[in-house]
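Novice: Below: one structure in structure tokens.
The values are calculated or read from the model by the stated rules, or taken from the named source; none is laboratory data. The shown structure was predicted, so the numbers you read here are calculated from the model rather than taken from an experiment. Heads up, the Cβs are rebuilt from the backbone with ideal geometry, glycines too, and the neighbour counts pull from every protein chain shown.
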Amino acid sequence: MTSAESLHQLGNALRREGRAAEALAPLEEAARLEPANPIILLNLGVTLLDLGESAAAVDIFFRAVPLVPSMPEARNILGCALLAAGRTTEARAQLDEALRLRPGYAAALDNLARACRASGRMAEAALHWERALAIIPAPATHSNFLLASNYADDLPHTEIVARHCVWGELHARKHFPAPTTRPAVAPLADRRLRIGYVSPDFCQHAVAYFFAPVLAAHDRSRVEIFCYHARGTRDAVTVQLRAMAEHWRDLTVPDDDAAAALIHADGIDVLVDLAGHTAGNRLLVFARRPAPVQVTWLGYPNTTGLATMDARLTDAVCVPAEGNDAPHGPEKLVRLPGVFCCYQPPPDCPPTEPPAGTNDRPFTFCSFSNLAKISPATVAVWAQILAARSDARLLLKSPGANDPSTQEYFRAQFASLGVAPRRIEFNGEALPMRTHLELYHTCDIALDPFPYNGTTTTCEALLMGVPVVTLAGSSHVSRVGASFLTALGMPELITHTPTAYVLAATALAADAARRTELRATLRPRLLASPLGQTAVFTRNLEAALRSCHDSAVGR
């Protein structure tokens, strides 16, 4: 065996064990020794992609693919890397080529659906996922399909819940432990509650923004915290979270039984899922019930469909208790006081007031939510708002928004409703946080998409003094905006019909004095609200998790 091949095999072995960071050096050296070996290059690119280095992965794959032009797997993984880099049109071209080379290639169909989602083409994405699932009903592909269901403006919530429960029956039930092997619920007595958080997003990700203040605020005299990081990506946020966790475990091992055994060995009292059906989730670990009490919170706005998930944390606005008898999935709903999460501004946050001399611009409505959330129903309502304010533009800031085909797709939708294409502007840059927030200096009103509301983007707009108008629906995913604005005591920005949404947005657009007041007062209002009170929120969360544990003692 050549030295290059030895290094190649070492790198592959490390990656299979979930040690992508350690795998990188031997794979890079193997590629240096054999720069025209396509298999070494492909494995190096996959490792870079695992580590979140999408631009570097693209470069490597563009070296590898010409060496194996008829290999559909190479086209598929290049498409994944291009998609991660925000180059959606190029990604679709490579995935189309993979499917030409291998019709019925389920993995390429899954990735093509993801590319459609990234460019806002949700109906087309759903069709690709349905085709992929008909070929190979893979759990991860099925999760992607379920996530997409939350964006649909034409699916009743009961149907979406039912789809999630099908996932649980199809993929998870066969892994449920026998009742006799179920972990016992141990009374706490005088010891601390052992809480385990499982997430693929302990890195530069929206979930981490909401989780970090909770991790910092936990009362270590009452709780003992374990963090299980389920993805190979490591960055500055990972380092920050790891420093705040008492116990940090790498859960990148792909074997679900081994991952469950690791958690079980830690003697966790309450295991908390932070991902739901988002990318990189470990729900099949939860299916094996490594902890006696299992809860889902924060990272997903719907049921997991998993019968071994005991509770789902929400609040009384996102899922009202009164007059709400619709099915919500197998989990018990636990409503946290006030609001279901908390938000802490990033360090070095810019002031809310724009710099002097920067107000010579068009009136600007904005949405910084991902493009998949901009449903046809949302476009129709936003077009009415733009029609009522003919001097205004709409700024869409989202990953992938610089893609020319994506821009054409959205401009065509608005044009069909009478809005000139030049009035729709895009920004898809991956900006440093301060620069990203400074973009709000160019915005006047943020428009919340529906049925899938913004979360991080709503908090950031409010932080920067930009009011958010929302349309409240009938389920958690469509009531996050209402929850946050209720927490701030601003019910006037919560609407319940498309007509009311248009009226609220246009009335606020006409009230310059009100907007000036909000620019100055929204940030302190946010920080003083239940949404901004991280210590209070964390005590409420601890109490809820303790209650989940205590109610299970003796069952």
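Novice: Residues of the range 281-322 being modelled with pLDDT of 95 or more and among the small types (Gly, Ala, Ser), which ones?
Specialist: Passing the criteria: 287, 291, 299, 305, 307, 311, 316.
Novice: Among residues belonging to the range 2-58 that are among the charged types (D, E, K, R) and over 23 Å from residue 79 (Cα atoms), point out the one that is nearest to the chain's Cα centre (by Cα). Quick ask: steps written out before the conclusion?
Specialist: Here is the first cut: in the range 2-58, the residues among the charged types (D, E, K, R) are 5, 15-17, 19, 22, 28-29, 32, 34, 50, 53.
Those still in the list that are over 23 Å from residue 79 (Cα atoms) too: 5, 17, 19, 22, 29, 32, 34.
Working: 5: 38, 17: 25, 19: 23, 22: 27, 29: 34, 32: 36, 34: 38 Å.
Result: 19.
Novice: At least 3 residues that are within 21 Å of the chain's Cα centre (by Cα) and closer than 21 Å to residue 21 by Cα in each: list the helices (runs of 4 or more DSSP H) lying fully within the range 213-306 that qualify. Before you say what the answer is, go through the steps one by one.
Specialist: Numbers: elements: 236-244, 256-265, 283-287.
By residue number, 236-244.
Novice: Pull out all pairs, ordered by first then second residue, where Cβ-Cβ is under 8 Å, the residues are six or more apart or on different chains, the first lies in the range 125-143 and is more than 9 Å from residue 106 (Cα to Cα), and the second is among the β-branched types (Val, Ile, Thr).
Specialist: 143/278
Novice: Six or more apart or on different chains, Cβ atoms under 6 Å: show the pairs whose first residue is in the range 533-555 and more than 22 Å from residue 183 (Cα to Cα) and whose second is at pLDDT 95 or above and in a helix (DSSP H, G or I).
Specialist: Correct list of pairs: 534/213; 534/217; 535/217; 538/214; 538/217.
Novice: Oh, and also: In this structure, is residue 189 closer than 23 Å to residue 293 by Cα and at pLDDT below 95? Lay out the reasoning, then the answer.
Specialist: Working: closer than 23 Å to residue 293 by Cα: yes; at pLDDT below 95: yes.
Judged against the criteria, residue 189 is a match.
Novice: Taking the conditions exactly as written (assigned to a helix (DSSP H, G or I), of a type outside the set (D, E, K, R) and under 29 Å from residue 238 (Cα atoms)), does residue 94 satisfy them or not? If you could, list the steps in order and put the result at the bottom.
Specialist: Details: assigned to a helix (DSSP H, G or I): yes; of a type outside the set (D, E, K, R): yes; under 29 Å from residue 238 (Cα atoms): no.
Judged against the criteria, residue 94 is not a match.
Novice: Now, a different point. What number of residues in the range 174-212 are in a helix (DSSP H, G or I), surrounded by 15 or more Cβ atoms within 10 Å (Cβ to Cβ) and not hydroxyl-bearing (Ser, Thr, Tyr)?
Specialist: First pass over the range 174-212, keeping only residues in a helix (DSSP H, G or I): 174-175, 179-181, 206-212.
Next cut, surrounded by 15 or more Cβ atoms within 10 Å (Cβ to Cβ) only: 175, 206-212.
Still in the running and not hydroxyl-bearing (Ser, Thr, Tyr): 175, 206-208, 210-212.
Total satisfying the criteria: 7.
Novice: While we're on this one: Counting only residues that are of a type in the set (Ser, Thr, Tyr) and in contact with a Pro (Cβ under 8 Å, 6 or more places away or on another chain), which one in the range 62-106 is surrounded by the most Cβ atoms within 10 Å (Cβ to Cβ)?
Specialist: Looking at the filtered set, the residue picked out is 105.
Novice: Also, I was wondering about something else. Pairs only if they're at least six apart or on different chains, beta carbon under 8 angstrom, first in the range 237-262 and of a type in the set (Phe, Trp, Tyr), second surrounded by 15 or more Cβ atoms within 10 Å (Cβ to Cβ) and assigned to a strand (DSSP E or B); list them, first residue then second.
Specialist: From the range 237-262, the pairs are 248/226; 248/227; 248/229.
Results for (1) modelled with pLDDT of 95 or more; (2) over 22 Å from residue 381 (Cβ atoms); (3) more than 25 Å from the chain's Cα centre (by Cα), shown as yes or no for each residue.
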{"residue": "470", "(1), (2), (3)": "yes, no, no"}
{"residue": "484", "(1), (2), (3)": "yes, no, no"}
{"residue": "492", "(1), (2), (3)": "yes, no, yes"}
{"residue": "502", "(1), (2), (3)": "yes, no, yes"}
{"residue": "512", "(1), (2), (3)": "yes, yes, yes"}
{"residue": "517", "(1), (2), (3)": "yes, yes, yes"}
{"residue": "520", "(1), (2), (3)": "yes, yes, yes"}
{"residue": "525", "(1), (2), (3)": "yes, yes, yes"}
{"residue": "540", "(1), (2), (3)": "yes, yes, no"}
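Novice: Now for a different question. Residue 124 is checked against (1) assigned by TED's automatic domain parsing to the domain that holds residue 251; (2) under 27 Å from residue 379 (Cα atoms) and fails just one. What number does that condition carry?
Specialist: Answer for residue 124: the failing condition is (1).
Novice: If you don't mind, there's one more thing I want to ask. Please enumerate the residues belonging to the range 523-542 that are crowded, with 16+ Cβ neighbours inside 10 Å and among the β-branched types (Val, Ile, Thr).
Specialist: Hits for the range 523-542 are 534, 538.
Novice: Which ones in the range 310-350 are surrounded by 13 or more Cβ atoms within 10 Å (Cβ to Cβ), in a loop (DSSP other than H, G, I, E, B), touching a helix residue (DSSP H, G or I) at 6+ places or on another chain (Cβ under 9 Å) and free of Cβ contacts under 8 Å to residues at least 60 places away in the same chain?
Specialist: Hit for the range 310-350 is 316, nothing else.
Novice: Can you tell me which of (1) modelled with pLDDT of 95 or more; (2) within 28 Å of residue 400 (Cβ to Cβ); (3) outside any helix (DSSP H, G or I) is the one residue 56 doesn't meet?
Specialist: All conditions are met except number (3).
Novice: Output the number of the condition that residue 143 fails; it satisfies all remaining conditions of (1) assigned to a helix (DSSP H, G or I); (2) among the small types (Gly, Ala, Ser); (3) more than 21 Å from residue 451 (Cβ to Cβ).
Specialist: For residue 143, the exception is condition (3).
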